[in-house]
Amino acid sequence: KQEVTQIPAALSVPEGENLVLNCSFTDSAIYNLQWFRQDPGKGLTSLLLIQSSQREQTSGRLNASLDKSSGRSTLYIAASQPGDSATYLCAVRLNGRTGANNLFFGTGTRLTVIP
Amino acid sequence: SAVISQKPSRDICQRGTSLTIQCQVDSQVTMMFWYRQQPGQSLTLIATANQGSEATYESGFVIDKFPISRPNLTFSTLTVSNMSPEDSSIYLCSVELQRDTEAFFGQGTRLTVV
C-alpha cells in the first residue's frame, strides 16, 4: 500500500522567506504527483501536477520537483506572502490500478506566513 | 480545468437525520469521486460515482450509509444517512477530465452533527 508522508506537519515563516515543503512516498511506481492547497474548512485547489517522466513543474512563485527513485517531491515557495497561509497537500497516483482507488494523499503541511 | 460547484458549503445537522450534498461540474466528465476528510486527517475516498451504473464503494463505506446518485455526466449527489457525530467531516467532490489526469475538487461541505 502506498504511504505518503509530509514533513513538517506545521511551519511558520516570516513574510518574504523562501521555503520548501516535503512529500515522501513509499512506492516509486507512480503515474503522477499533484500538489494542492487547502484553506481552513474548504476544498482543495490544484497547484501543480508532475508526471512521472518529469523532474519539475513551475507556476509563478511555486516550483515542484519530483525524484521518483528516492520517493520524494518538494514544493518550493519563493518570497512567501501572508496569503500563502494554508495547508498544502501532496497526492500520489499509482500506476496500473485501473478501476481502483489509485490516488493517495499525505496529511499535509500547515503553513503560516507571518506579516 | 474544471469548475465544480458543491452545495451546501456547510451545515449543522441533528443526529439521526440525513443530508444530501450536490456536486455540479461545468463540463461532462466520466469520473466523479466523493471523499471524506475527518478533522485533522487527510482525504479518504468514499466512492466513485459512475454515470449509468451503481457507485463503486471503498472498503469501510456502504451504500446504505452513503447513497450516491449520478443522473448525468455533470451532476452527482452524496447523501449522508442516519447521521451521528462521528460523521462530522468535510465532504469533497472531485473530478478528472480524463482518467489518471489532474484531479479537481469542489469547495467542500463542512458537516457538523450535533
(Q) Conditions first: (1) over 28 Å from residue A:110 (Cα atoms); (2) part of a strand (DSSP E or B). Residue B:5 passes all but one, so which condition is the exception? (A) (1)
Q | Members of region A:10-44 found to be farther than 15 Å from residue A:110 by Cβ and free of Cβ contacts under 8 Å to residues at least 40 places away in the same chain, listed by number | A | A:43
Q) Which residues, counting only those in region B:1-20, are away from chain A (no Cβ under 11 Å) and either among the hydrophobic types (A, V, I, L, M, F, W, C) or in contact with a strand residue (DSSP E or B) (Cβ under 8 Å, 6 or more places away or on another chain) (or both)? A) B:3, B:7, B:8, B:11, B:12, B:13, B:14, B:15, B:18, B:19, B:20
Q) Do you know which of the residues in region B:77-114 that are in a strand (DSSP E or B) and among the charged types (D, E, K, R) is most open to solvent (accessible area, probe 1.4 Å)? A) B:110
Q: Would you be able to tell me the number of residues in region B:84-114 that are facing another protein chain (nearest Cβ under 7 Å) and over 30 Å from residue A:52 (Cβ atoms)?
A: 1
Q: Being part of a strand (DSSP E or B) and either more than 9 Å from every other protein chain (Cβ to nearest Cβ) or open to solvent by 80 Å² or more (accessible area, probe 1.4 Å) (or both) is the filter here, so list the residues in region B:21-34 that pass it.
A: B:21, B:22, B:23, B:24, B:25, B:31, B:32, B:34
Q. Within region A:67-75, is there a residue that is open to solvent by less than 10 Å² (accessible area, probe 1.4 Å) and farther than 28 Å from residue B:34 by Cβ?
A. yes
Q. Any idea how many residues of region B:52-75 are in contact (Cβ under 8 Å) with a residue 24 or more places away in the chain and closer than 27 Å to residue A:108 by Cα?
A. 1
Q.
Please go through (1) without any contact (Cβ under 8 Å) to a residue 40 or more places away in the chain; (2) open to solvent by less than 50 Å² (accessible area, probe 1.4 Å); (3) more than 24 Å from residue A:104 (Cα to Cα); (4) not charged (D, E, K, R) for residue B:49 and return the number of the only condition it doesn't satisfy.
A. (3)
Q. Out of (1) of a type in the set (Phe, Trp, Tyr); (2) within 11 Å of chain B (Cβ to nearest Cβ); (3) open to solvent by less than 10 Å² (accessible area, probe 1.4 Å), what's the single condition that is false for residue A:88?
A. (2)
Q) Mind checking which residues of region B:35-76 are assigned to a strand (DSSP E or B) and away from chain A (no Cβ under 14 Å)? A) B:68, B:69, B:70, B:71, B:72, B:75, B:76
Q) Which of the residues spanning region A:4-38 are of a type in the set (D, E, K, R) and either within 11 Å of another protein chain (Cβ to nearest Cβ) or within 13 Å of residue A:88 (Cβ to Cβ) (or both)? A) A:37
(Q) Just to be sure I understand, how many residues within region A:39-54 are under 14 Å from the mean Cα position of the chain (by Cα) and more than 10 Å from chain B (Cβ to nearest Cβ)? (A) 2
Q | Of the criteria (1) free of Cβ contacts under 8 Å to residues at least 24 places away in the same chain; (2) open to solvent by less than 40 Å² (accessible area, probe 1.4 Å), which one residue A:58 fails | A | (2)
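The values are calculated or read from the model by the stated rules, or taken from the named source; none is laboratory data. This structure is a prediction, so every number in the text was calculated from the model and none was measured. Every residue, glycine as well, gets a Cβ built from its backbone with ideal geometry; the counts of neighbours run over all protein chains shown. All accessible areas refer to the heavy atoms of the entire protein, side chains included, with ligands and DNA or RNA removed. Shrake-Rupley method; radii C 1.70, N 1.55, O 1.52, S 1.80 Å.
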